[in-house]
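Read the figures in this text as sums done on the coordinates, not as results from a lab. Here the structure is a predicted model, which means the values were calculated and not measured. Here Cβ is always computed from backbone atoms with ideal geometry, including for glycine, and neighbour counts include all displayed protein chains.
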């Protein structure tokens, strides 16, 4: 990384999943020589899907450039990729970024921008099937790198994703120092974080809960893909 301040722009939208954002932000904001900007298309307060409100986001139009652009995900991301104002600003900022990054369903934003054609990308396991609509190659890995594109799996994968990017930007030792500072040493009480390891009845219940949103999300994703 050059001596010039490296700028990370973190793009929020109404209905994002807050941990998709706050996990990576906690890592990025601790990196030496890095400036983090939290923005949204309108600016101001943005409410997440759990009701947590992020106040004072900067309007995207006010930001002239970024070195790394980051998109979190959330159920509302398929609404965001059909918002012309959001997508226009996202395209402008992404066009000059050295790194294009997303976690969870945030990768659908990169896809809707036409940036994932023929590229491997991660996503939340439940929505991985939407990636091919944008010409992407789904990869179930927790963190996926394809050239200058970094994507992550669902929600908590954002911390692994951010630490991987940290190592790229400031080196392994500095990234490990951040990990130690955060005491990131996960020991989950259950082996239920992936459909391959969770009990079958748990997987079935989660799929049942997500089913009402599936048709709407697919239709929204197809509408965005049709504009490419």
Check your understanding: If region 12-118 were replaced by its equivalent ellipsoid, with semi-axes equal to the square roots of 5 times the Cα gyration tensor eigenvalues, what would those be, largest first, whole Å?
Key -> 18, 17, 14
Check your understanding: For the residues 163, 133, what sequence is obtained by ranking on other C-beta atoms within 10 Å, fewest first?
Key -> 133, 163
Point to revise | Ranking of 47, 201, 41 by count of other Cβ atoms within 10 Å, fewest first | key: 201, 47, 41
Practice item. Based on other C-beta atoms within 10 Å, arrange 48, 95 from fewest to most. Key: 95, 48
Point to revise | Label assignment, semi-axes √(5λ) of the Cα gyration tensor in Å derived from the structure, set [x] 35, 24, 16; [y] 25, 22, 17; [z] 37, 19, 17 | key: [y]
Study note, to complete from the structure: For residue 65 and residue 83, extending 7 Å from Cα along the Cα-Cβ vector and measuring point to point gives, in nm, a value of 2.7
Exercise for review: Quick one: work out the % antiparallel among DSSP beta bridges in the chain, nearest 5.
Suggested key: 25
**Study point:** Cβ-Cβ FRET estimate between residue 210 and residue 173, R0 fixed at 45 Å, reported to 0.05
**Key:** 0.65
Review point. What does region 122-228 give for Rg and for Dmax, in Å, if only its C-alpha atoms count?
Key: 16.5, 45
Practice item. Would you work out if region 38-89 is rounded, prolate or oblate? Take a ≥ b ≥ c from the square roots of the eigenvalues of the alpha-carbon gyration tensor; rounded if a/c is under 1.5, else prolate when a/b is larger than b/c, oblate otherwise. Key: oblate
